[in-house]
Amino acid sequence: MLKFGFTTGSCAAAAAKAAALMVFKKRKIEYVSIYTPKGIEFEAYILNADIDERCASCAVRKYAGDDPDVTDGSLIYAEVTLTDKIGVNIDGGAGVGRVTKAGLWQKIGEAAINKVPMQMIKDEVESVFKIYGYGGGADVIISVPEGEEIAKSTFNPRLGIEGGISILGTSGIVEPMSERALIDAIGAEIKVKKANEGDILLLSPGNYGVDFINRTYGIDIDKALKCSNYIGAAFDMALEAGFKGALLIGHIGKLVKLAGGIMDTHSKNADCRMEIISANTALLSDDISLVREIMGCTTTDEAIVLLDRSGKLKPVMENIIQKVHFYLNNRVSGKMETAVIMFSNEFGILGKTDNALKFLNEIKENKE
C-alpha cells in the first residue's frame, strides 16, 4: 500500500505551533502534534529551533510519502513573534511566492498561502495562546529556503506567483500520485487566465508542436493552458470559470480520441486511435483493405500516410474534427462555444472547426 504524506500547509502549521510553544516554554522542543483537516494526526519532528525573548523559529521537513512531490524533503520554517496587537498576522518570507495576478484566493501582493493552511496556522498558534492564557497577538512568518528554486518546477510561474512556492493543502495530507492535485492546479490556472486574459481560453494538451503552431498562426502555444490528458475536466472548469469560449489546439495522436467521446486521453484509460480512424475511413471508402491497413498501424502518422496516398485524408479528417467538436459541445452542454485545431507536424493542419480562426484572432487581440 502506498504511503500518504503531509502538505506544506500541515508542515507550516506544525512549525508555527512549535515556535509558539517555544516562545512560552523558553526551551527547545523535539516534536509537536497537530490534527489535519482530514482528522489524521501529524507528529512532526522539530528542526533548527531558535528562541529569543519574544520570538522563536523552527522548521519541519516536508514528507510527501510515496507521492512524487517536488517539495518532498524541503524545510518549512515558521517564525512566531509576540506582539501587543490582538490577533495572528500571517505572512510569507523567503521562498514563499507572492501573487502578481488576479484570479487566486489571495489578493495581488499577498503571500501564496492558501485559505486552509492559513486557517490551520492561525488555529494552532491561537491554541497555544489559550493554553498559556495569553491575550496579545503574534506575527507569523512562513519561509522555505529552497522555495524559489523549487517553484521553477511547479505551476506557480504560470499562475503569476513569483519568488517561491505556495503553501498548499485542503485535507492536510498528500495522497500518493494524486490525479486530483494536478486537476486542481489546472483549475487554478484557468481562474487566473479568466481574470487576466479575456473571454477565450486557449488550451493544449502539451508543448508538442509549439514551433509548428507559432510558424503557422503566429501564436505561442507555450502560453496556452496545458491540460495534459484532462481535456474534459479542463473544459468543465473553463465553463465554471465563466469563459464564453475555448479553443483546443493539439496533435492528432491525442485529439483523435475525443472523436470517440474519450475525454481523459491517457493511454491507461483508452487507446482507440486506430479504431476511430478506421471507422471514419470505412464511412467514406469502400476499400476494406485500406481500413485493415489502418487498423494495423501503431501510430497516427502511419495512418495519415495511408490516407494521404488513398486521397481520403481530407474527408476523413473533416469527419473526425466534426465528431471532436460534437463531443466537446456535448461536454459543456452547449453553454460555452468550443473550437478545435488538429494537426500533425508532418502534414500540417488536419482539421479545424469553422470558428477556430475567429477564436485565434480574439486571443491575439487580447495578448497585444
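The values are calculated or read from the model by the stated rules, or taken from the named source; none is laboratory data. Model, not experiment: these values are computed from the prediction. All Cβ positions, even for glycine, are placed from backbone atoms using ideal geometry, and neighbour counts span all protein chains on display. Protein only, heavy atoms only, side chains kept; ligands, DNA and RNA dropped before computing areas. Shrake-Rupley method; radii C 1.70, N 1.55, O 1.52, S 1.80 Å.
Laid out as a table, the results:
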quantity	calculated
Residue within the range 142-152 that is in a loop (DSSP other than H, G, I, E, B) and within 17 Å of the chain's Cα centre (by Cα) present	no
Test: residue in the range 68-82 that is assigned to a loop (DSSP other than H, G, I, E, B) and small (Gly, Ala, Ser)	yes
Hits in the range 336-351 (condition: at pLDDT 95 or above and either open to solvent by 50 Å² or more (accessible area, probe 1.4 Å) or in a loop (DSSP other than H, G, I, E, B) (or both))	Met336, Glu337
Some residue of the range 184-202 being at pLDDT below 95, under 14 Å from the mean Cα position of the chain (by Cα), surrounded by fewer than 16 Cβ atoms within 10 Å (Cβ to Cβ) and more than 20 Å from Cys11 (Cβ to Cβ)	no
Residue, surrounded by the most Cβ atoms within 10 Å (Cβ to Cβ), within the range 252-282, restricted to residues that are β-branched (Val, Ile, Thr) and part of a helix (DSSP H, G or I)	Val256
Counted residues, the range 352-368 - those being surrounded by fewer than 22 Cβ atoms within 10 Å (Cβ to Cβ) and part of a loop (DSSP other than H, G, I, E, B)	3
Residue check for Glu293: free of Cβ contacts under 8 Å to residues at least 60 places away in the same chain, among the charged types (D, E, K, R), in a helix (DSSP H, G or I) and farther than 30 Å from Ala238 by Cα	yes
Selection count, the range 236-251, where residues are in contact with a strand residue (DSSP E or B) (Cβ under 7 Å, 6 or more places away or on another chain) and either surrounded by fewer than 24 Cβ atoms within 10 Å (Cβ to Cβ) or of a type in the set (Asp, Glu) (or both)	4
Residues being in contact with a helix residue (DSSP H, G or I) (Cβ under 6 Å, 6 or more places away or on another chain), under 24 Å from Ser153 (Cβ atoms) and open to solvent by less than 50 Å² (accessible area, probe 1.4 Å) - total across the range 97-115	2
Qualifying positions in the range 34-55 - in a loop (DSSP other than H, G, I, E, B), modelled with pLDDT under 95 and open to solvent by less than 70 Å² (accessible area, probe 1.4 Å)	Thr36, Gly39, Ile40
Filtered residues of the range 11-33 (kept if in contact with a helix residue (DSSP H, G or I) (Cβ under 7 Å, 6 or more places away or on another chain) and surrounded by 24 or more Cβ atoms within 10 Å (Cβ to Cβ))	Ala12, Ala13, Ala16, Lys17, Ala20, Val32
Residue that is surrounded by the most Cβ atoms within 10 Å (Cβ to Cβ) [pool: residues in the range 296-315 that are in contact with a Gly (Cβ under 9 Å, 6 or more places away or on another chain) and touching a residue at least 24 places away in the same chain (Cβ under 8 Å)]	Thr300
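This table checks each residue for (1) modelled with pLDDT of 95 or more; (2) over 26 Å from Val192 (Cβ atoms).
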{"residue": "Ser57", "(1), (2)": "yes, yes"}
{"residue": "Tyr63", "(1), (2)": "no, yes"}
{"residue": "Pro68", "(1), (2)": "no, no"}
{"residue": "Thr71", "(1), (2)": "no, no"}
{"residue": "Asp91", "(1), (2)": "yes, no"}
{"residue": "Val99", "(1), (2)": "no, no"}
